[in-house]
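Below are the structure tokens for one structure; questions will follow.
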Amino acid sequence: MLDKIIDGNIRAVSRAISLVENDGRDKEALIDQLYPNCGSAVVWGVTGPPGAGKSTLVDKLIKRERAQDHKVAVIAVDPSSPFSGGAILGDRLRMQRHATDPNVFIRSMASRGHLGGVAGATSDAIKVFDAAGFDVIIIETIGVGQTEVEIIEISDIVLLVLVPGMGDEIQALKAGVMEIGDIFIVNKKDHHGADKLKAEVEYVLNLKDTKNSERNPVVMTNANLDEGIQKLHESIYEYLETIKNNQQLKANRKKRLVSEIKNILTAKMVEQFSNYVDINQEIKKWSEQVYNGQIRPYQLINDKIQSFIKELQKNDIEN
């Protein structure tokens, strides 16, 4: 499968994405072997509130990328079904015009309750697409809020899509979401209040204290009518060129690697602890103990961790 992925074989890429999404047995070995072939693709994160027109916007951007003969992969991260755990929106439906293009790969992935709205397997899926020779990888996430900031940890640039009619919600954006975006898009520009929203975004950006020399573009579009998309596409490449030249892109990728290693470490620690106890079963018992006043929550967890460490040390001595 490794050689086929590097050759860009679509069936092999699809199998590899399923492997990482389902946390298959050979996932880690595959990703490590693909790693030397990664680093060429540019990752765009696209986020914004539901109904902002993100999928339609991505559809128009794919069209322009293909006009430049770029291979494009899209990961549409959907909220999970509370019953099946599967993706429930199926954003691929809005991009069907590209379904027969062998140089466009669109995959819906369920978030499965993963904090931040980004599927846990997204980082590994990016590596598969990167190694397979895709030029641009677009991560489209649903929703926007304080938990959505995780998109910044896996993207080279973030496109924040906004729509008129948000009213006072622009005030909430100052608290953190405005820090996510590199390029701000006011979609549905024909709607009442679009000019006002653009002015408010520009005002907030002017207040933002930043040490970076790049300016954040604010672009007005109407994705349904394909208006403003060409300007947006040009703004993306101009911004990328700027952050390449001032070394910000390199800094962003190093930060991304730090986050990735932290996530792997955390997952491995949880995995090791799970081998020690049945976490789901034990948590029910522990919560009963806390509820009944037998022990306090921090004390309980600290005690369990200490017991776990002692068990590991005991095993090391015996071995």
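The values are calculated or read from the model by the stated rules, or taken from the named source; none is laboratory data. Just so it is clear, the model here is predicted, and its values are computed rather than measured. Using ideal geometry, Cβ is built from the backbone for each residue, glycine included, and neighbour counts are taken over all protein chains shown.
Listed residues R25, R15, R11; which is part of a loop (DSSP other than H, G, I, E, B) and free of Cβ contacts under 8 Å to residues at least 60 places away in the same chain?
Details: R15 fails: part of a loop (DSSP other than H, G, I, E, B); R11 fails: part of a loop (DSSP other than H, G, I, E, B).
Within the list R25, R15, R11, the selection yields R25.
Identify all residues within the range 276-296 that are in a helix (DSSP H, G or I), over 34 Å from the mean Cα position of the chain (by Cα) and either of a type in the set (A, V, I, L, M, F, W, C) or surrounded by 12 or more Cβ atoms within 10 Å (Cβ to Cβ) (or both); write none if there are none. Show your work before the answer.
The first filter runs over the range 276-296 and keeps only residues in a helix (DSSP H, G or I), leaving 276, 279-291.
Checking which are over 34 Å from the mean Cα position of the chain (by Cα) leaves us with 285, 288-291.
Within the range 276-296, Q289, V290 qualify.
Quick grid of which residues meet (1) modelled with pLDDT under 90; (2) in a helix (DSSP H, G or I); (3) within 30 Å of S40 (Cβ to Cβ); (4) in contact with a Pro (Cβ under 7 Å, 6 or more places away or on another chain):
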site: E202; (1), (2), (3), (4): yes, yes, no, no
site: R215; (1), (2), (3), (4): yes, no, yes, no
site: Q230; (1), (2), (3), (4): no, yes, yes, no
site: Y237; (1), (2), (3), (4): no, yes, yes, no
site: I243; (1), (2), (3), (4): no, yes, yes, no
site: K250; (1), (2), (3), (4): no, yes, yes, no
site: I264; (1), (2), (3), (4): yes, yes, yes, no
site: S274; (1), (2), (3), (4): yes, yes, no, no
site: Y298; (1), (2), (3), (4): no, yes, no, no
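Can we say L225 is modelled with pLDDT under 95, of a type in the set (A, V, I, L, M) and assigned by TED's automatic domain parsing to the domain that holds E65? Full working, then the answer.
Values: modelled with pLDDT under 95: yes; of a type in the set (A, V, I, L, M): yes; assigned by TED's automatic domain parsing to the domain that holds E65: yes.
Here the answer is yes, as L225 does meet what is asked.
Of the conditions (1) surrounded by 11 or more Cβ atoms within 10 Å (Cβ to Cβ); (2) of a type in the set (A, V, I, L, M); (3) not assigned by TED's automatic domain parsing to the domain that holds V58, V218 fails just one. Which one is it?
Result: V218 fails condition (3) only.
List the pairs whose first member sits in the range 191-218 and is acidic (D, E), whose second member is modelled with pLDDT under 80 and not in a loop (DSSP other than H, G, I, E, B), and whose Cβ atoms are under 8 Å apart, counting only residues at least 6 apart or on separate chains?
E200/I170
Within the group R64, R94, which residue is modelled with pLDDT under 85, assigned by TED's automatic domain parsing to the domain that holds F134 and outside any loop (DSSP other than H, G, I, E, B)?
Numbers: R64 fails: modelled with pLDDT under 85.
Criteria check complete, one pass: R94.
Counting only residues that are within 22 Å of the chain's Cα centre (by Cα) and more than 22 Å from E271 (Cβ to Cβ), how many does the range 11-35 have?
The initial filter retains those residues of the range 11-35 that are within 22 Å of the chain's Cα centre (by Cα), namely 13-24, 27-28, 30-32, 34-35.
Remaining after also requiring more than 22 Å from E271 (Cβ to Cβ): 13-15.
So the count comes out to 3.
Conditions (1) modelled with pLDDT of 75 or more; (2) among the small types (G, A, S); (3) assigned to a helix (DSSP H, G or I); (4) farther than 18 Å from Y237 by Cα, marked per residue:
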residue	(1), (2), (3), (4)
E148	no, no, yes, yes
V161	yes, no, no, no
Q171	no, no, yes, yes
E179	yes, no, yes, yes
D209	no, no, no, yes
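Go through (1) in contact with a Pro (Cβ under 9 Å, 6 or more places away or on another chain); (2) closer than 23 Å to I157 by Cβ one by one and return the number of the condition I10 breaks.
(2)
Against the definition (more than 21 Å from I261 (Cα to Cα), at pLDDT 90 or above and out of contact with any Pro (no Cβ under 9 Å at 6 or more places or on another chain)), how does A132 come out, yes or no?
yes
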